[in-house]
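The values are calculated or read from the model by the stated rules, or taken from the named source; none is laboratory data. Since this is a predicted model, take the numbers as computed values, not measurements. Because the Cβ atoms are built from the backbone with ideal geometry, glycine has one as well, and the counts that use them run over all protein chains shown. What goes into the accessible areas is simple: the full protein's heavy atoms, side chains included, and nothing from ligands, DNA or RNA. Shrake-Rupley method; radii C 1.70, N 1.55, O 1.52, S 1.80 Å.
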Amino acid sequence: MSAPHNTPQVPKAPKVTEREARKVAEAAREQDWRKPSFAKELFLGRFRLDLIHPHPLPPPDDIRRGEELLARLRAFCETHIDSARIEREAKIPDEVVNGLKELGALGMKIETKYGGLGLTQVYYNKALALVGSASPAIGALLSAHQSIGVPQPLKIFGTQEQKDAFLPRLATTDISAFLLTEPDVGSDPARLATTAVPDGNDYLLDGVKLWTTNGVVADLLVVMARVPASEGHPGGITAFVVEADAPGVTVEHRNAFMGLRGIENGVTRFHQVRVPAVNRIGPEGAGLKIALTTLNTGRLSLPAMCVGAGKWSLKIAREWSAVREQWGRPVAQHEAVGAKISFIAATTFALEAIVDLSSQMADEDRNDIRIEAALAKLYGSEMGWLIADELVQIRGGRGFETAESLAARGERAVPAEQMLRDMRINRIFEGSTEIMHLLIAREAVDAHLKVAGDIIDPEKALADKAKAGATAAGFYARWLPQLVTGAGQLPLTYGEFKPAGHRDLSAHLRYVERSSRKLARSTFYAMSRWQGRMETKQGFLGRIVDIGAELFAMSAACVRAEHLRGSGEHGREAYQLADAFCQQSRIRVEELFRRLWSNTDDLDRRVVDGVLSGTYTWLEEGVIDPSGEGPWIADATPGPSAEENRHRPVR
């Protein structure tokens, strides 16, 4: 029994400067590169094809176990999941969730010794693509539970006692959720307001968490909270496992969204929730590092479901475009529509190549894939959204019409508009596109900051700057000459990607090699030009990252095509799809390179200043604002809940 205590005064979100916020984020990222990284080298102008080719493969036993689960899961999806019902009722039926539990779907990534299935990342992602195509809401439930929920941080950072206590539950019966975001805190964790105050052998948790995917039905939560520094407590943002039915935990609201209507996402309030110290994951202050490390592979689940959406879109586009006629011909034979179908097919091939390659590298654990996983998330969410949008356009008015309405008037119930709504969140989930640009850009320039960061740091002394200058001079004297010439300028390089009777992919790999060096030169020039202001050039950094994403996608597509050719699985067709994708991608890359230096970034900033200062309020006249009343951000003052507890565990 702990000593009597007074109710602690819990602070609101701390006020921090931009520089302080950046320091918090910087301290949380993994500082060193202990393993090679294909994407990191790509941004440095070094095309390390040997790191991804030949395509890595899973062991036969992993394939067998994975395929067995996929067969059972497919049968379950076809017979037990009614996607239209989930959309209509905005809820996943309890019997479906319980059926997934019986299949072992909650424990796909949990080791067999804890009652899980012990699947590889490759087959876990294939399973998510499959179930996500049946119902994106169910895909989100399983992903939030295993990719970022309690199992993954315990797997990496948990004690043996924590694993023994929680993993068997999480593998079979208990759903988990990850709670980081707050009403006034999104991608800026330095302002985290939820606190965990030490009290004897416990912590007292107070605060409000927003957008808690699975939070409404969860049994176990991983919660990020700020521990105040005190004697014996270094403090900082810390991760805890919290029982969802603990006294003081209240699910105050179940959120509703434009898509993923079956998702159990809510607002959770903690008031004087007693959490045993043994439930703390890792040391105090390690919470953000745990979250970021968990996301290194956790982010792969989202692009995996984008692959599933792409495959379904291709099927619908093929079937519809073959029967719908315009001006005497099927619409697929009209170039305007055909170009969209080609984009869907080629891009779906590339997305699957990215996810499978990144997942297999994660399984092998020979490479550092933090950039690859982030690129997969960024590229998958952006291209997946475009695929969904193009499918709606191909379907025309029927693409805008709901599946329920189509069925009511006697046509096939194709939920194209639902998929568009469901896919939209992917550009925000688990790091918005804008945040992913900044995160990846930071990792991409890490080598430069390590050798030259002190030169552009205004807080560093002249002596430190001089020392950094000497170090940087040596690094760039060795590195810059490597960017002048390379294998991409030799016409016979990568000849194994030009087999007789197939499309020539070697030319695309030479293009990637040349573009990688051009990308590195562009980054170096920008750092020389803007120095300390580089971090404010978010438009430029975003384009740098987008170029890298395209080059990574081209590399993965070519490697996958060659792997399929070598294994005798649709090799000729794979080469054709890879060639089409690379041709399309190269056009996008050239446009991005042009926009590095020819853009409206400066003008846009001036317009924004005018908008915020009220210069253009006259432009807003002549409309009615249908928005309701209320604050832009809900009050999240800590304290007891005055709301009904909407927590609804599935049993």
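Things worth noting here:
- Normalised by the number of residues in the stretch 234-331, the mean separation of alpha-carbon contacts (under 8 Å, six or more apart) gives a relative contact order of 30 percent.
- Of the DSSP H helices in the chain, those that are both long (alpha-carbon extent of 27 Å or more along the helix axis) and hydrophobic (Kyte-Doolittle mean at least -0.5) are 301-323, 335-364, 370-395, 538-567.
- Short-range pairs are left out: with C-alpha atoms under 8 Å and at least six residues apart, the relative contact order of the stretch 340-470 is 19 percent.
- Estimated at the nearest 10 Å², the accessible area of Glu404 is 130 Å² with a 1.4 Å probe.
- Value of Rg to Rh for the stretch 520-562 (Rh from inverse mean 1/r over Cα pairs, i.e. Kirkwood): 1.17
- With DNA, RNA and ligands ignored, accessible area of Leu603 (1.4 Å probe; Å², nearest 10): 90 Å²
- Computed on the chain, with alpha-carbon pairs under 8 angstrom and 6+ residues apart, the relative contact order is 17 percent.
- Sorting Trp618, Trp632, Trp530 by solvent-accessible area of protein heavy atoms yields Trp632, Trp618, Trp530, largest first, with a 1.4 Å probe.
- Dimensionless Rg ratio for the stretch 287-328, taking C-alpha atoms and the 2.2 N^0.38 Å reference: 2.07
- Per residue, the convex hull spanned by the Cα atoms of the stretch 201-286 measures out at 92 cubic angstrom.
- Our Cα-only numbers for the stretch 103-190 put the radius of gyration and Dmax at 13.8, 41 Å.
- To the nearest 10, the accessible area of Glu591 is 80 Å² with a 1.4 Å probe.
- Cα gyration tensor shape for the stretch 258-313, rounded if a/c is under 1.5, else prolate or oblate: oblate
- Anisotropy class of the stretch 266-424 from Cα gyration tensor, a/c 1.5 cut: oblate
- Sites listed here are trypsin sites (Lys or Arg not before Pro) in the stretch 345-420 whose DSSP assignment is loop and whose Cβ has at most 15 other Cβ atoms within 10 Å: Arg366, Arg409, Arg412.
- Fraction in percent of alpha-carbon pairs per bin - 5 Å, the stretch 465-568: 2, 11, 16, 17, 16, 13, 10, 7, 5, 3, 1, 0
- Within the accessible area of the chain, the carbon and sulfur atoms contribute 56%, probe 1.4 Å, all protein chains present.
- Accessible surface, per residue, of the chain when the full set of protein chains is kept, probe 1.4 Å, Å²: 45 Å²
- Distance violations [Cα-Cα > 25 Å] among Lys101/Lys126; Lys101/Lys155; Lys460/Lys518; Lys289/Lys467: Lys460/Lys518; Lys289/Lys467
- Computed as a quarter of the hull surface, the mean projected area of the alpha carbon convex hull for the chain stands at 33.5 nm².
- The stretch 517-632: C-alpha gyration tensor shape, a/c 1.5 cut-off, then a/b vs b/c: oblate
- Dividing the alpha-carbon radius of gyration of the stretch 186-233 by the rule-of-thumb value 2.2 N^0.38 Å gives 1.31.
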